[in-house]
Amino acid sequence: MPIIRPASALRNDYVEISRIAKETKQPVFLTKNGTGDTVLLSMEEYDKQARLLELYEKLSEGEEDLKHGRVKTLSEVSAMMKEAIAKHE
């Protein structure tokens, strides 16, 4: 069930709103005049969401590469790595 509080609660009881976000690991939805206005997340959850978004973006790029044939076989990658290592020895 979503956690919904009026925006005034943020000003009047920040400590409690912060505690709720941290303990539940859920977003706290803040309303203004009865309408959704802002979402508050703990730093831990924000970082987790940001990492997930970055992962999804990388997976999407990989799917696009695969769809457009921008891929290499394991043998090709291995040969490229051996060549790169040989250049630096």
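The values are calculated or read from the model by the stated rules, or taken from the named source; none is laboratory data. Keep in mind it's a predicted model, so treat the numbers as computed, not measured. Heads up, the Cβs are rebuilt from the backbone with ideal geometry, glycines too, and the neighbour counts pull from every protein chain shown. Accessible surface areas use protein heavy atoms only, side chains included; no ligands, DNA or RNA. Shrake-Rupley method; radii C 1.70, N 1.55, O 1.52, S 1.80 Å.
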**Message:** Quick check on my filter: what residues within region 11-24 are open to solvent by 90 Å² or more (accessible area, probe 1.4 Å) and either among the small types (Gly, Ala, Ser) or within 18 Å of LYS48 (Cβ to Cβ) (or both)?
**Reply:** LYS22, GLU23
**Prompt:** Here are some residues: GLU61, GLU57. Which one is surrounded by 11 or more Cβ atoms within 10 Å (Cβ to Cβ) and of a type in the set (Asp, Glu)?
**Reply:** GLU61
**PHE29, sole failed condition from (1) touching a Gly at 6+ places or on another chain (Cβ under 8 Å); (2) farther than 30 Å from ILE4 by Cα** = (2)
**Residue pairs meeting the criteria (Cβ under 9 Å; at least 6 apart or on separate chains; first farther than 14 Å from LEU41 by Cβ, in region 1-17; second open to solvent by less than 60 Å² (accessible area, probe 1.4 Å) and part of a helix (DSSP H, G or I))** = ALA9/ILE17; GLU16/ALA9
**Residue within region 38-45 that is of a type in the set (Ser, Thr, Tyr), out of contact with any strand residue (DSSP E or B) (no Cβ under 8 Å at 6 or more places or on another chain) and touching a residue at least 12 places away in the same chain (Cβ under 8 Å) present** = yes
